[in-house]
Structure formats: C-alpha cells, structure tokens
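Reading through the structure tokens given below for one structure.
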Amino acid sequence: MKKKIMNNLDLKILAVLFSIILWLIVVNIDDPVKTVQFSGVEVQILNAEELESQGKVYEILDGTGEITVTVKGRRSIVEDIAKENITATADMKDLTTMDTLSIEVTSNKYANEIDDIKSDQENVRLSIEDLKKIQKVIEIEVSGEPDDGYILGALTSNLNQIYLEGPESLINKISYARAQIDVDGVKANVSSSVPIKLYDALGKEISDERITMNINTVSVNQEILMTKEVPVEYRVGGEPADGYALTGVIESDVETVLIAGRKSVLDEINSIVVPESILNVEGLQSNLEVRIKLHDYLPGNVIFAEDNMNGFTKINVEVKKETFVTISFNKSDVKVENLPEGYKAEVLADGNYLTNQETNLKVYGLASVLDEYDEENAVPRVDMAAYMLQNSLSELSPGIYTISPDFGLPEGAYIKDNFKIQVRISQTP
C-alpha cells in the first residue's frame with residue numbers, strides 16, 4: 001500500500017500545486033482584488049470636551065478635517081462598502097505639541113476581510129485659542145420711510161442685549177450687533193421678529209458658526225404716527241397800564257407747527273394754544289417779550305413731527321402809548337333812533353352829562369385806530385330799540401331814561417368818562 005502511495009509522488013505533488021494555482025486563478029478571475037476611494041469623509045473629533053473644560057476652543061485648519069479614504073480588498077467586499085460605513089476619528093487626548101491629532105480610519109462593515117484601509121493624510125491640524133464671552137447692546141436700525149403724511153414714532157423691542165461666545169480672535173472683531181426693521185411706505189405700526197446680525201468696526205457683517213449667540217432674533221415694534229399742520233394761537237391776558245393799549249400785533253418765529261400722533265387724537269386738535277397766563281400784559285407800558293417752550297403746550301400723546309423743531313419760540317406782544325382826539329357836539333346834534341310808534345323823545349340838558357352849551361369829549365386809542373375816525377362828524381346816537389333789548393323791555397313807559405350814546409367809535413377807541421345822555425320819553429297825544 002505504501003508503495004502505491006509513493007509511486008509517482010512528484011507527479012502527484014505537481015498536480016496538487018497545479019490545482020491550487022488553478023483555484024487561485026479562478027478565484028482572482030471571478031473575485032479579483034480591488035481598490036476603492038471615498039472622498040469627503042469628515043473626521044470626528046473625540047473628547048473635545050476636555051479642551052472646552054479648559055476654556056479653550058479649536059478650529060480645524062486647511063481643510064484637514066475632511067479626508068479621502070482608500071479601501072483595498074476583494075471586489076465582492078469593497079463594492080459592498082459605502083461611504084457611510086467609513087469612520088474617521090481623531091482623539092483630543094492624543095493632541096501633540098504641534099496642535100495635531102492622528103487620524104484613524106475604520107469600516108464598520110467587513111472590517112476583518114478588508115486587505116487595507118488608509119487615509120490620504122495622517123493628521124488633523126488645529127488652531128487652539130481661548131474661549132471669550134461678551135455682551136453687546138442690540139442696535140435697532142429702521143430702513144425706509146413711511147408713506148407721505150406719516151412719521152416714525154416710538155421704537156421698542158423685547159430685548160436689548162445679546163450674549164456672544166467664541167474664539168477670542170473672532171469675538172474681538174465684533175464691534176456691534178444690529179437688527180433691522182423695514183417701514184418703507186407703511187401707514188400703520190410695524191411689528192416684526194427680525195434677525196440679529198454682527199458687524200465689525202467697518203460695518204462688514206461677521207457670520208461664523210463658531211460664534212454662539214444666546215438669541216438669533218428680536219421682536220421689534222415701530223410706531224407710525226400721522227402728521228397734521230396746525231396754527232399756534234397766542235392768547236394775551238391782562239390790561240396794559242393806563243394810557244397804553246395792545247396794538248393787536250403779536251410776533252413769533254413760529255406761526256404753525258407740524259405735529260404727529262394717532263389719527264383719533266389729531267382729529268380733535270385744531271391749534272396749539274399758548275394761554276393768557278403766559279402772555280400777561282397787566283400794567284405794562286412797553287412790549288412784552290417772552291421765550292417759551294412750545295412742548296409744554298402740546299396735548300397728550302402728540303409730538304412735533306419735524307426733526308429741526310426744538311420747541312422754543314420768542315414772542316413779542318406789542319404795547320403802545322395811546323393818544324386822543326376831541327369830539328364836540330351840541331344837544332341838538334343828539335339823534336334818538338328806533339323809537340317805538342306812539343312815543344316821542346326829548347333830549348335833556350343835565351349838568352352831569354349834557355349841557356345846553358357845546359360839549360367836548362376826548363376819545364382815546366392808538367394813533368393807528370384814531371387816524372381812521374372822523375371826529376369832526378361824530379354824531380351821538382341813542383338807539384331806543386337797542387336799549388330795550390339790553391334791558392329786556394317789551395315796551396317803554398313814559399319817563400326819563402339815562403342812556404350811553406353810540407359815537408360810532410372804531411374798535412379799540414373809547415371814552416374814559418362814563419358819558420350818558422338823558423332822554424324824556426312820552427306818549428304822543
């Protein structure tokens with residue numbers, strides 16, 4: 001038996017080797033070794049919290065956080081591996097003095113059947129710096145202009161501060177935080193939740209995912225007010241000194257103002273009134289000059305609509321010395337008018353008032369007023385109908401009536417003496 005086994009041993013060994021070689025050839029023809037690449041594989045940083053606990057942050061430099069992985073193995077294996085099966089990690093515990101981390105790549109599929117798996121780079125390069133936290137006031141910027149006839153009112157927001165943290169070098173670039181609300185062409189209040197943006201000192205926006213913001217938006221309300229132009233009414237109180245009078249001239253550098261408020265409020269306002277208590281000329285012998293703040297006389301919920309309106313104005317109330325003219329008349333010049341039918345009137349001479357001689361009276365007033373008065377043709381008139389109306393008389397009774405005559409004086413002219421005329425009224429036979 002042994003002899004039979006040993007017969008042609010060389011040929012038998014050769015046949016076995018040939019079979020093995022043939023098997024390998026068949027296998028490599030049917031399932032050859034293949035290499036595949038997976039690009040854009042992100043490197044996961046492990047144990048980053050250890051660095052953060054030291055108050056530091058890191059940034060991956062030069063795109064080294066994304067690698068290309070090469071996998072080598074039988075075709076049936078590698079073609080069944082996807083990018084999602086590849087894991088690349090770098091452990092912060094292995095941080096070198098050069099601020100680099102070694103990259104390790106693995107596959108969660110066919111891990112023991114892969115001939116080789118490797119990355120196109122060995123390390124992740126990091127920039128490490130201190131973590132910085134700051135607080136900024138949120139500036140609210142209004143863009144655009146309301147419709148014609150409207151202006152901006154009060155601007156309010158639910159928050160006015162934002163808390164930021166990130167790499168010190170990046171945080172140091174932040175100059176201000178701003179939120180913008182658009183009011184172009186609007187006629188009513190605008191309320192909106194608007195994003196908060198960060199800017200450097202040159203006004204360039206800073207947007208970086210390494211910056212952490214405690215809030216990203218702020219609620220803003222912009223009040224929109226209607227405008228209306230109204231006159232300023234200056235009211236004068238008191239009387240100048242004896243022999244002086246108001247000319248009626250009131251000078252001010254503000255005659256009308258543009259105000260703003262809600263429509264329901266503006267509808268009730270037709271003027272801004274400066275009261276008599278402010279423009280009091282009592283006992284004055286010269287002009288009254290005052291400087292006032294018009295804001296003090298604005299109704300509630302109303303503001304000035306013009307940016308250049310500071311609210312102050314100078315007022316000059318003109319007071320001048322009076323003059324006089326003399327009028328002369330006789331008893332026969334007095335005319336009794338509007339006497340009821342069935343009555344007659346007789347003008348009486350009275351030592352206290354009218355005499356049989358010529359009567360002279362002084363009419364006082366400003367020269368500008370008296371210049372228009374024709375004192376030479378002044379005729380005293382007694383209007384009985386007017387007298388009855390003033391005294392609520394339905395009919396006259398015979399008797400003597402003492403009545404102030406009408407001399408046709410212009411407005412602002414007066415007779416100092418309380419001059420009266422006595423008229424006897426009797427019935428006609």
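The values are calculated or read from the model by the stated rules, or taken from the named source; none is laboratory data. As the structure is a computational prediction, the values presented were derived from the model and not from experiment. Here Cβ is always computed from backbone atoms with ideal geometry, including for glycine, and neighbour counts include all displayed protein chains.
One line per residue, one yes/no per condition, for (1) surrounded by fewer than 17 Cβ atoms within 10 Å (Cβ to Cβ); (2) in contact with a Pro (Cβ under 7 Å, 6 or more places away or on another chain); (3) not aromatic (Phe, Trp, Tyr):
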{"site": "THR326", "(1), (2), (3)": "yes, no, yes"}
{"site": "GLU346", "(1), (2), (3)": "yes, no, yes"}
{"site": "LEU354", "(1), (2), (3)": "no, no, yes"}
{"site": "GLN357", "(1), (2), (3)": "yes, no, yes"}
{"site": "ASN377", "(1), (2), (3)": "yes, no, yes"}
{"site": "ARG381", "(1), (2), (3)": "no, yes, yes"}
{"site": "ALA386", "(1), (2), (3)": "yes, no, yes"}
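Taken over segment 281-295, the criterion of being surrounded by fewer than 16 Cβ atoms within 10 Å (Cβ to Cβ), of a type outside the set (Val, Ile, Thr) and assigned to a strand (DSSP E or B) is satisfied by GLU289, ARG291, LYS293. Hey, any hits in segment 249-257 for a residue that's closer than 21 Å to TYR150 by Cβ and touching a helix residue (DSSP H, G or I) at 6+ places or on another chain (Cβ under 6 Å)? No, the conditions are met nowhere in segment 249-257. Residue selection: GLU239 satisfies the criterion of being assigned to a loop (DSSP other than H, G, I, E, B), charged (D, E, K, R) and farther than 30 Å from LEU164 by Cα.
Okay, residues lined up against (1) touching a Pro at 6+ places or on another chain (Cβ under 8 Å); (2) aromatic (Phe, Trp, Tyr); (3) in contact (Cβ under 8 Å) with a residue 12 or more places away in the chain; (4) assigned by TED's automatic domain parsing to the domain that holds VAL254:
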position: ILE196; (1), (2), (3), (4): no, no, yes, no
position: TYR199; (1), (2), (3), (4): no, yes, yes, no
position: LYS204; (1), (2), (3), (4): no, no, no, no
position: SER207; (1), (2), (3), (4): no, no, no, no
position: THR212; (1), (2), (3), (4): no, no, yes, no
position: ASN216; (1), (2), (3), (4): yes, no, yes, no
position: VAL220; (1), (2), (3), (4): no, no, yes, no
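If you scan segment 380-423, which residues turn out to be part of a strand (DSSP E or B) and without any contact (Cβ under 8 Å) to a residue 12 or more places away in the chain?
Result: no residue meets the conditions.
Restricting attention to segment 311-334, the residues that are among the basic types (Lys, Arg) and closer than 17 Å to LEU366 by Cβ add up to 2. Of the set (1) in a helix (DSSP H, G or I); (2) more than 23 Å from ALA188 (Cα to Cα), all apply to VAL254 but (1). Annotation: TYR364 fulfils all but one of (1) in contact with a strand residue (DSSP E or B) (Cβ under 9 Å, 6 or more places away or on another chain); (2) loosely packed, with under 12 Cβ neighbours inside 10 Å; (3) within 28 Å of ASP242 (Cα to Cα); (4) not hydrophobic (A, V, I, L, M, F, W, C); the unmet one is (2). If ALA177 meets every condition in (1) farther than 30 Å from ILE103 by Cα; (2) exposed (fewer than 13 other Cβ atoms within 10 Å of the Cβ) apart from one, which number is that one? So ALA177 meets the others, but not (2). Considering (1) surrounded by fewer than 16 Cβ atoms within 10 Å (Cβ to Cβ); (2) under 60 Å from the mean Cα position of the chain (by Cα); (3) free of Cβ contacts under 8 Å to residues at least 40 places away in the same chain, the lone condition that LEU298 does not fulfil carries the number (1). Considering SER332, SER426, the condition of being part of a strand (DSSP E or B) and of a type in the set (S, T, N, Q) is satisfied by SER426 alone.
Scoring LYS321 on the criteria (1) basic (Lys, Arg); (2) buried (at least 17 other Cβ atoms within 10 Å of the Cβ); (3) under 60 Å from the mean Cα position of the chain (by Cα) leaves a single failure, condition (2).
Checked against (1) surrounded by 13 or more Cβ atoms within 10 Å (Cβ to Cβ); (2) part of a loop (DSSP other than H, G, I, E, B), LEU202 meets all criteria but (1).
Being within 20 Å of the chain's Cα centre (by Cα) and assigned to a strand (DSSP E or B) is the filter here; which residues of segment 257-280 pass it? Scanning segment 257-280 gives VAL257, LEU258, ILE259, ALA260, GLY261.
Per-residue answers, yes or no, for (1) at pLDDT 95 or above; (2) of a type outside the set (A, V, I, L, M, F, W, C); (3) more than 28 Å from the chain's Cα centre (by Cα):
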position: LYS173; (1), (2), (3): yes, yes, yes
position: ALA177; (1), (2), (3): yes, no, no
position: ILE181; (1), (2), (3): yes, no, no
position: PRO195; (1), (2), (3): yes, yes, no
position: LEU198; (1), (2), (3): yes, no, no
position: LYS204; (1), (2), (3): yes, yes, no
